[in-house]
Amino acid sequence: MKSVLQIIVDIFSIPAILVALIAILGLLLQKAKSTEVIKGGIKTFVGFLILTQGANIITSALTPFGQMFQQAFHVTGVVPSNEAIIAVAIKSFGTTSALIMVTGMAFNILFARFTKFKYVYLTGHAFFYQACIIAVILTGAKMNNALMILVGGAFLGMAGAIWPAILQPFTRKITGTDDVALAHTGNFGYMISAFVGKIFGRKGKKTKSTEDINFPQSLAFLRDSTVSIAITMTIVYVIVAIVTGPEYIQSKLSDGTNYIVYSIQEAGYFAAGVYIILAGVRMVLGEIIPAFKGISERLVPNSKPGLDCPIVFPYAPNAVLIGFFSSFIGGIVSMIIMAFAGTTIVIPGVVPHFFCGATSAVYGNATGGIKGAVAGSFVQGVIISFMPLFLMPLVSNLGFTGSTFSDTDYGVEGLLLGQASRMGGQMAIIAVTVIILIIMFALTAFSNKSKKVAD
């Protein structure tokens, strides 16, 4: 049983395999030629692997930067890291998390089929991470296994349908199409960023986009996002390296390589990672959108695939870098406030601030241009700094690990279920889940009634 379960977990927690299978299913439902099915599946699989490796390169380049930052400014505390906290959670809650995830995917498809929330959450690892935090909280509420899997799966399935839906009006504005949705664990923060951007948007007038930044003719080469990212990150890395000093870097990080040379190299890796992500995204979208039409038409009419956050990066490459810096500054400001307030200090996690900050800026830019990108990602950076403070007591059965969940959706889900558990135990959690389900179907009924009246 465990070996079969492990295979299922491996399949559904690896985005490349999951999305490739979805592409194959979509093409089969369209009765495409076998050669087209094979080509579509392989290109989707390879494209997602390219995207994933780009993300891995960025992560590996940002990890030493985070260590240098902590050493340079002598900061200690809790570092939000989804991968680190999941590694701890899976030891005690791995089987339960896997079962909640598989049940959640089934519920996600059902909700997409029978409600107005026509979104299928295809970011497998993010779905699994959410299953983990649900398992941790429901275990703390003393639920038995069968009830935990049913309630947790239903809650996760609703989250998989709702999170892309709340963001879709803005995603549509960014991509210019309604064929794809964003499914990532920072969707709540991206929605906030888009609303913050609206404050800076001028009604009836076009706001200046991050992509409209006018460089002097002599600096026109900076319009190439790879060049501008490489130069900017090199400057940042070198400054932090100088403050950190050669001794720490060369003994702990660079294996003896000169600390300046090492910093330049890591900045180059960062830029390369962004370039690879963009290439992978283009490849995946080129295959998954046409293939998903089969699923949309046959299994879940009018449904949309929810994909990982880098899918929006190509639409505003300048915003990606702006968002990282603005979100990270939001994290630093939050850290200073925590130090003065005497609370646990949440150290800015460079990886979540990059991916969530970059994505937030793309959404803020869509509604409010450059100012929206800066302000939206800054606010999002503050949110993912303070939200873990409120979440940590609710996942205390993980023990103190020096890390915690980072992105906004973990916070919303964790706080909702955790506070319900504190107030009324298992029955309160079940009540919250049922209430959300009723709201989903009520909104669906209202939407269908409105359509009939309009017709």
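The values are calculated or read from the model by the stated rules, or taken from the named source; none is laboratory data. Quick caveat: nothing in here was measured; it's all calculated off a predicted structure. Virtual Cβ from ideal backbone geometry, glycine too; neighbours counted across all protein chains shown. Calculation scope for accessible area: heavy atoms of the full protein, side chains included, ligands and nucleic acids excluded. Shrake-Rupley method; radii C 1.70, N 1.55, O 1.52, S 1.80 Å.
Of the residues 163, 245, 360, the one whose Cα sits farthest toward the positive end of the charge dipole of the chain, with +1 on the Cβ of Lys and Arg and -1 on the Cβ of Asp and Glu, is 163.
Per-residue surface analysis assigns residue 184 an accessible area of about 20 Å², computed on protein heavy atoms at 1.4 Å probe radius.
Taking every pair of Cα atoms in segment 237-390, average 1/r, invert it to obtain the Kirkwood radius, and report Rg/Rh to two decimals. My calculation puts Rg/Rh at 1.08. Working note: 222 nm ellipticity from helices only, DSSP H runs with n ≥ 4, each -39,500 (n - 2.57), summed and divided by the residues of the chain, gives -26500 deg cm²/dmol to the nearest 500. In vacuum, with every alpha carbon of segment 136-180 counted as one equal point scatterer, what does the Debye formula give for log10 I(q)/I(0) at q = 0.20, 0.21, 0.25 Å⁻¹? Two decimals, please. With no solvent term, the Cα-only Debye profile gives -0.66, -0.69, -0.82. For the chain, the equivalent ellipsoid derived from the alpha-carbon gyration tensor has semi-axes of 34, 28, 23 Å in decreasing order. Within the accessible surface of the chain, defined with a 1.4 Å probe on protein heavy atoms only, the carbon and sulfur portion equals 66 percent. Calculation over all alpha carbon pairs of segment 207-328 in 10 angstrom steps from 0 returns a P(r) of 11, 29, 27, 20, 9, 4, 0 percent.
Here the Debye sum runs over all C-alpha atoms of segment 353-450 as equal scatterers in vacuum, and log10 of I(q)/I(0) at q = 0.16 Å⁻¹ comes out as -0.87. When +1 charges are put on Lys and Arg Cβ atoms and -1 charges on Asp and Glu Cβ atoms, the dipole computed for segment 252-328 relative to its Cα centre reaches about 240 debye.
Positive contributions from Lys and Arg (+1) and negative ones from Asp and Glu (-1), summed over other residues with Cβ under 15 Å from the Cβ of residue 110, come out at +3. Remark: accessible surface ordering of 423, 101 (largest first) is 423, 101, probe radius 1.4 Å. Hydrophobic long helices, here whole DSSP H runs in the chain with Kyte-Doolittle means of at least 1.6 and Cα atoms spread over 15 Å or more along the helix axis, are found at 15-29, 225-244, 317-341.
For segment 12-89, taking the reciprocal of the average inverse distance between every pair of different Cα atoms yields a Kirkwood hydrodynamic radius of 15.4 Å. Annotation: residue 99 carries an accessible surface of approximately 50 Å², with a 1.4 Å probe and no ligand, DNA or RNA atoms counted.
For segment 326-406, the direction-averaged projected area of the alpha-carbon convex hull comes to 5.3 nm². Each Lys and Arg contributes +1 and each Asp and Glu -1, all at the Cβ; summed about the Cα centre of the chain, the dipole is approximately 1480 debye. Each Lys or Arg adds one and each Asp or Glu takes one away; over the other residues whose Cβ falls under 15 Å from the Cβ of residue 253, this sums to -2.
For segment 51-92, the convex hull spanned by the alpha carbon atoms encloses 82 Å³ per residue. The residues neighbouring residue 266, those whose beta-carbon lies less than 15 Å from its own, together hold a net charge of 0 under the Lys/Arg +1, Asp/Glu -1 convention. From the largest down, segment 62-202 spans 52, 49, 22 angstrom on the principal axes of its Cα atoms.
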